[in-house]
Amino acid sequence: MTALVWLQYALYFAILVLAAVPLGRYIARVYEGQDGIARRVLGPVERGIYRLAGIRADEETSWKQYALCLLAFNLVGALFVYLIQRFQGYLPFNPTHLPGVRPEIAFNTAVSFTTNTNWQAYGGETTMSHFTQMAGLTVQNFLSASTGMAVAITLARGFARRSTATVGSFWVDLTRGTLYVLLPLSLFLAGLLVSQGVVQTFDSSATVSLVEPQVDASGQMITEQILPLGPVASQVAIKQLGTNGGGYFNTNSAHPFENPTPFSNFLELMAILLIPAALCFTFGAMVRSPRHGWILLATMLALLVPLVVLCAATEYGGNPALVGLGLDQAAGNMEGKEVRFGTATSALWATVTTASSNGSVNSMHDSFTPLGGLAPMWLIQLGEVAFGGVGSGLYGLLMFAVIAVFIAGLMVGRTPEFLGKKLDAYEMKMASLVILIPSAAVLVGTAMACLLPDVAAAAPNPGPHGFSEILYAFSSAANNNGSAFAGLDAGGRFYTVALGICMLIGRYWVIVPVLAVAGSLARKPVVPPSAGTLPTDTPLFVVLLVGTVLLVGALTFIPALALGPIVEHLRFAVAAGGVP
Amino acid sequence: MTRRPAAHSLANRKGVARAVKDAACKLDPRYLYKNPVMFVVEIGSAFTTLLFVHALATGMGDASAWFILSISLWLWFTVFFGNFAEAMAEGRGKAQADTLRRARKEVLARRLALPRRDAPVEEVLSAHLRRGNFVFVAAGEFIPGDGEVIEGIASVDESAITGESAPVIRESGGDRSAVTGGTRVLSDWIIVRITADPGETFLDRMIGMVEGSKRQKTPNEIALHILLAALTIVFLLATVTLLAYSIYAVRSSGSGTPVTMTVLVALLVCLIPTTIGGLLSAIGIAGMDRMIRANVLATSGRAVEAAGDVDVLLLDKTGTITLGNREAVAFLAAPGVCEQTLADAAQLASLADETPEGRSIVVLAKRRFGLRGRDLQAMGASFVPFSAHTRMSGVDIDGRQIRKGAVDAIERFVGDHSGQMPGEVRGIVEDLARQGATPLLVAEGGRVLGVIHLKDIVKGGLRDRFAEMRKLGIRTVMITGDNPMTASAIAAEAGVDDFLAEATPERKLSLIREYQQHGHLVAMTGDGTNDAPALAQADVAVAMNSGTQAAKEAGNMVDLDSNPTKLLDIVAIGKQMLMTRGALTTFSISNDVSKYFAIIPAAFATTYPELGALNLMNLHSPQSAVLSAVIFNALIIVGLIPLALRGVAYRPSPAAELLRGNLLVYGLGGLLLPFPCIKMIDLLLHWMGV
């Protein structure tokens, strides 16, 4: 790794933090309904939506009611996406006359996009019509992201409020998040992306002449190539901002029409972490303790940065098996990477996209070196808390904070309290569920796939690498990341259904306990802080929180990782003649 | 504070023997299922035992028979050690309960038909006494049950309850009327109204408490159990699914055999938080026990936990912050009176006064002017005792009427003798009040001679302790009936954070409510009946054993030594218990890292020998690696029993400092310690030829 790479990374994170601070404060003002320029411009639209939908903006509900609204809304959304896919053959904007999508793929995709996972068991340009992409998938890109934010905001309210029975209105939160945050940012980003050459058109495809004509297997001369097109920029913008990650094209952001230039690559990288980072400051603003925003962001960075470095360093190390063949490995392990991005940004993207629950790719993780591939996989298995999804990262990390405070809080000789709220058996029950359920889904799903011989065979590389592929798929689905290790043929019935179920479990069995905690916290009074209170706004707490995430969240996966990337790495080293 | 002789040390062999027996009884799954972590270990132990029998019977078991046997034995030890810790903690209470039970003997009581000494008497067994009965108890007899003295005064030996051998006075009316069954009247007689039915007496409750028979999990313990159960489930899933992964690995790599059941169970037990799971209830019981050894009885573990959380201490001035008595420190003469004249009159007026204040005046007169004691009787003087009505005392001698008393009383006295209060004296009085002192006026007939400066004596060492409390974030508030001026002076001298002057029971109650409304947890002590409402409202309410029955019922702790300053110790004990719980949880969880390094390479040695690179400790064989980890896991429980019973080192400091220290010792220590320990066990096993 050269100094230039370090500088690139430092610059990326510095700009990210600089942009996140004001955005975070803005988001807090949005949800608290404070006046501002955005409100003056978009306020009439917001009020119009409420009038149309018959919503009273000042009517708040209990957490149970809130959760019911959220679940009902997401269920309807999923059904809608499912039906669009099934009947796209009869619907407009289908220039290439794509037929209806297979039921299990449609199920998987509907679940995938409503849960903000955006796992893609299909190839975008060859399966989904323009209409499906826009009215189905892009709409859910907005709504699933806004749902995640609403939950995080509700949890923040739980901490901020005292002795209140209500936690907010789901409809208001959903509307505000979409209208004031996601839409303007997406518009802005889509414009910038178009300027870089990302396509945005309703044309189905363009036909171009090949620079170098090819001869196919039957001996025919091929001189032309058909390039699929579509309304790409608009979907790419929200796919990155909403940590969705579902690409318009099968190869996602490795595709030149989704991500043509280094600058577009930088913009998209920035967009991936922007809102999750900003939400830390939103939280700080809402609980009236900006320091807590910094502490959460520092924790996320402390988890992510070492893994970025691990990934980049091992990728720059190259493939030792190729060194013997006299191949130059100075650019690092370039297999599966785009030359226009190179090793540094590919490694950064791989870790950033898995740290946040984005999952879009600009290189193929399957072709990374074993440890280079371990970094993204472990980031997912941490529970998507190092930045994580829009909203979901924040509430996931706060649940870990609840557990950290509970364990360590006792060590100062007081029963635990976090931001003035006493943590009791109820909060522990819910926080435990949040930690337990996604891990359980990953472990059990992977075990099932391993035991079914036909299913296991879907991993084309038997042995540790095949195991990594299966483990990665289930980790990605149950933690709502959506990133694919590639390699694994996940289009079969078992994977589409099993992964679909994992996505559902990983999303809603986490959201409901989080809302329950929000409700319980909102009801509690605030204990005033004193010298005897566990300080949760110090660097020491960052250490504690990182330790808790690693010990409680990630130790679970050590045995599984040992059988996948770790053994592969050790073999790799032996094969290269080195000492492991 | 006296220690009861029954307080057992760890080395007590009889106690250990009893604990071993109790620990074996606790292996009963019907008992153990309440502790999810240890219950899983027990199931694991039973399962590996079956695997051993299977291996022995078929000769082709899961692994070699001796290996399964050793693993299974050490798993049983793990459960046993957890039980042993709990039994040890309970054992100390049991020994005390035995002593108390001896005090609760059947005695013959003299029941009175009416609450009068001359009423008809009927002899009944104490077990037949009911609430509302009246009994007559004379010198040398045991008091047959809890009650209230309604007539008479007696000295009572309460050593059976308090361990304090000096007798105490119990009399009707006022705040010293409560008597406890099982204590003995030493002199005089009393008539007692019984206030508790048999089986519900103070002694019964106390026995139940120290035995832990009525012990319920505290809220924080329940929450911790939930977390531990969740971790257990996660690790259960991680190990069970590992079998599937291993089968896949064997199938796809075509070499080796899947991980054995024995190793999986061993891995499971090593990963789940057995250390804290095994010691958790011992920590709670030991916390109660530490209270008991400080001669404080808590009515529930919840109260002990709350003691750690308290952030406001309400302290009564008299008895807690100051010694009960005031001391004369200066004679301040009125204009035209020489100081010695004042001292002489004051001494005369105090010679027959047996109160500590009176005696201190005599002492001061002697020290300042060498005035010796005089025989009042020989001088033909008549003593005028203090009465609540006149609020003066004094002496009539040779036609001189010398009086000392409160300002308004003396003013009235001189007024009656057609004298009046000089303005200068008034100035002195106000000055003294501002300093927190009590002025005592001396007058002869219609002439005010001057003022005696009486000073409250603040107990030694309190200032430092209050500073400690401040470091812990605890606010100390002095409660006093004095006027605000006096109160503020004493508060400043004692170093408390705040004070409530001119306190009445109502104001005290509303102060507690106010603090609680702002989210504070309030602790207080009290002894009188009028303290009862405030005691009932406070989060931690310590009633003095010398106090009334009403106060004892309203509080959630009773201090047998009746020492209000002990509130500070109670807070420390509560904090120490919570800290011990947190420290051992952290330790237990950070232990896991090392166990992965020991077991993972060993478990997959046949399929992926490359994983041997993770064998950082260089353990000599897969079997000894697994066994060493399991043995360490079992022995660490035993090793930490003394810590669990004694509590972690506690020094009052701010939370940030405590956290840093404990995180370093128990977090980082828990991460690193197992590495050398497992290595040592492995070397030992190797040396023994395993």
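Taken together, the values in this text are just the output of simple stated rules run on the coordinates, not laboratory data. It should be emphasised that the depicted structure is a prediction, and the values quoted were computed from it without experimental measurement. Note that each Cβ is placed from the backbone with ideal geometry, even for glycine, and that neighbours are counted across all protein chains shown.
Please tell me the relative contact order of chain A in percent, rounded to the nearest whole number, where contacts are Cα pairs under 8 Å and at least six residues apart.
On the way: 1054 pairs, mean separation 108.8, N = 580.
Rounded, it is 19 percent for chain A.
Along Cα→Cβ, 7 Å out, is where each label goes; now give me the distance between the ones at A:Gln65 and B:Thr504 in nm to one decimal.
For the pair A:Gln65/B:Thr504, the computed spacing is 4.5 nm.
Could you give the angle, 0 to 90 degrees to the nearest 10, between helix B:261-271's Cα long axis and the longest principal axis of the Cα atoms of chain B?
With both axes taken from Cα atoms, the answer is about 30 degrees.
Give the angle, between 0 and 90 degrees and rounded to the nearest 10, that separates the Cα long axis of helix B:36-58 from the longest principal axis of the Cα atoms of chain B.
Orientation of helix B:36-58: about 30 degrees from the principal axis.
Which value does Rg/Rh take for the range B:513-600 over its C-alpha atoms, Rh per Kirkwood?
Details: Rg = 19.7 Å, Rh = 15.3 Å.
Over the Cα atoms of the range B:513-600, Rg/Rh equals 1.29.
How large are Rg and Dmax for the range A:116-235 when calculated on the C-alpha trace, in angstrom?
21.5, 78
Just report the Cα centroid separation between the range B:176-202 and the range A:1-47, whole Å.
73 Å
In terms of Cα to Cα distance under 18 Å, which aspartates and glutamates are near enough to A:Lys239, apart from those fewer than 8 places away along the same chain?
Cross-link targets: A:Glu125, A:Glu258, A:Glu268, A:Glu384.
In whole Å, what are the Cα extents of chain B along the three principal axes, biggest one first?
Sorted largest first, the three principal extents are 120, 60, 45 Å.
Restricted to Cα positions, what overall size does the range B:412-476 have along the principal axes? Three whole-Å values, descending.
58, 18, 16
Sort B:Lys14, B:Lys94, A:Lys239, B:Lys508 so that the residue with the fewest other Cβ atoms within 10 Å of its own Cβ comes first and the one with the most comes last. It would help to have the intermediate numbers written out before the result.
Values: B:Lys14 10, B:Lys94 20, A:Lys239 31, B:Lys508 23.
Arranged by neighbour count, lowest to highest, B:Lys14, B:Lys94, A:Lys239, B:Lys508 become B:Lys14, B:Lys94, B:Lys508, A:Lys239.
Tell me, what is the Rg over Rh of the range A:27-283, with Rh the Kirkwood radius over Cα pairs?
In the range A:27-283, Rg relative to Rh is 1.04.
Please work out the Cα center distance from the range A:118-150 to the range A:451-487, rounded to the nearest Å.
Using only Cα atoms to place each centre, the spacing works out to 23 Å.
How much length is gained if the chain between A:Arg47 and A:Asp203 is pulled fully straight, taking 0.36 nm per residue apart and subtracting their Cα-Cα distance, in nm to one decimal? If you can, show how the numbers build up before the last one.
Numbers: separation 156, 0.36 × 156 = 56.16 nm, distance 3.55 nm.
Going from the current span to full extension adds 52.6 nm.
Given a Förster distance of 41 Å, report the FRET efficiency between B:Tyr33 and A:Ala72 from their Cβ-Cβ distance, rounded to the nearest 0.05.
Calculated transfer efficiency: 0.55.
Which ordering of A:Trp63, B:Trp76, A:Trp6, A:Trp349 is given by a fewest-first count of other beta-carbon atoms within 10 Å?
Values: A:Trp63 25, B:Trp76 19, A:Trp6 13, A:Trp349 29.
The fewest-first ordering by Cβ neighbours comes to A:Trp6, B:Trp76, A:Trp63, A:Trp349.
What FRET efficiency comes out for B:Leu635 versus B:Thr58 if R0 is 41 angstrom and r is the Cβ-Cβ distance? Round to the nearest 0.05.
Calculated value: 0.80.
Fewest Cβ neighbours within 10 Å first, please rank B:Tyr33, B:Tyr608 accordingly.
By the 10 Å Cβ count, ascending: B:Tyr33, B:Tyr608.
Note the direction-averaged projected area, equal to a quarter of the hull surface, for the Cα convex hull of the protein assembly as shown, in nm². Kindly include the intermediate steps, with their values, before the conclusion.
Values: hull surface 258.3 nm².
That works out to 64.6 nm².
Taking the Cα centre of chain B as the origin and placing charges on Cβ (Lys, Arg +1; Asp, Glu -1), which of B:Leu297, B:Val648, B:Phe134 is farthest toward the positive end of the dipole?
It is B:Val648, whose Cα lies furthest towards the positive end.
Around B:Val384, which amide H atoms from residues at least 5 apart in sequence, or from another chain, sit under 5 Å from its own amide H, with H modelled in the peptide plane?
B:Gly394, B:Val395, B:Asp396
Take B:Arg131 and A:Leu4, extend 7 Å from each Cα along the Cα→Cβ direction, and tell me the distance between the two endpoints in nm.
So the two model labels end up 8.9 nm from each other.
Label-point separation (nm) for B:Ser387 and B:Ala138, each offset 7 Å from Cα along Cα-to-Cβ?
It works out to 3.5 nm between the two label points.
With N denoting the number of residues in the range B:272-382, provide Rg(C-alpha) divided by 2.2 N^0.38 Å, to two decimal places. Walk me through the numbers before you get to the answer.
Details: Rg = 27.0 Å, N = 111, 2.2 N^0.38 = 13.2 Å.
Normalised by 2.2 N^0.38 Å, the Cα Rg of the range B:272-382 equals 2.05.
Around B:Gly450, which amide H atoms from residues at least 5 apart in sequence, or from another chain, sit under 5 Å from its own amide H, with H modelled in the peptide plane?
Correct list: B:Ala334, B:Val442.
Two decimals is fine: what is log10 I(q)/I(0) at q = 0.09, 0.12 Å⁻¹ for chain A, from a Debye sum with one equal scatterer on every Cα and no solvent?
Those come out to -0.66, -1.19, one per q.
Which whole-number percent gives the relative contact order of the range A:27-283, counting Cα pairs below 8 Å spaced six or more residues apart?
Value for the range A:27-283: 21 percent.
Using the Cα centre of the protein assembly as shown as origin and beta-carbon charges of +1 (Lys, Arg) and -1 (Asp, Glu), tell me which of A:Leu137, A:Ser439, B:Ile637 is placed farthest towards the positive end of the dipole.
B:Ile637
What FRET efficiency, computed as 1/(1 + (r/R0)^6) with R0 = 25 Å and r the Cβ-Cβ distance, is obtained for A:Ala331 and A:Phe263, rounded to the nearest 0.05?
Here the calculated transfer efficiency is 0.75.
Please compare each pair in B:Lys317/B:Lys552; B:Lys21/B:Lys679; B:Lys21/B:Lys217; B:Lys94/B:Lys471; A:Lys524/B:Lys552; A:Lys421/B:Lys26 to a cut-off of 27 Å on the Cα-Cα distance and tell me which ones are over it.
B:Lys21/B:Lys679; B:Lys94/B:Lys471; A:Lys524/B:Lys552; A:Lys421/B:Lys26
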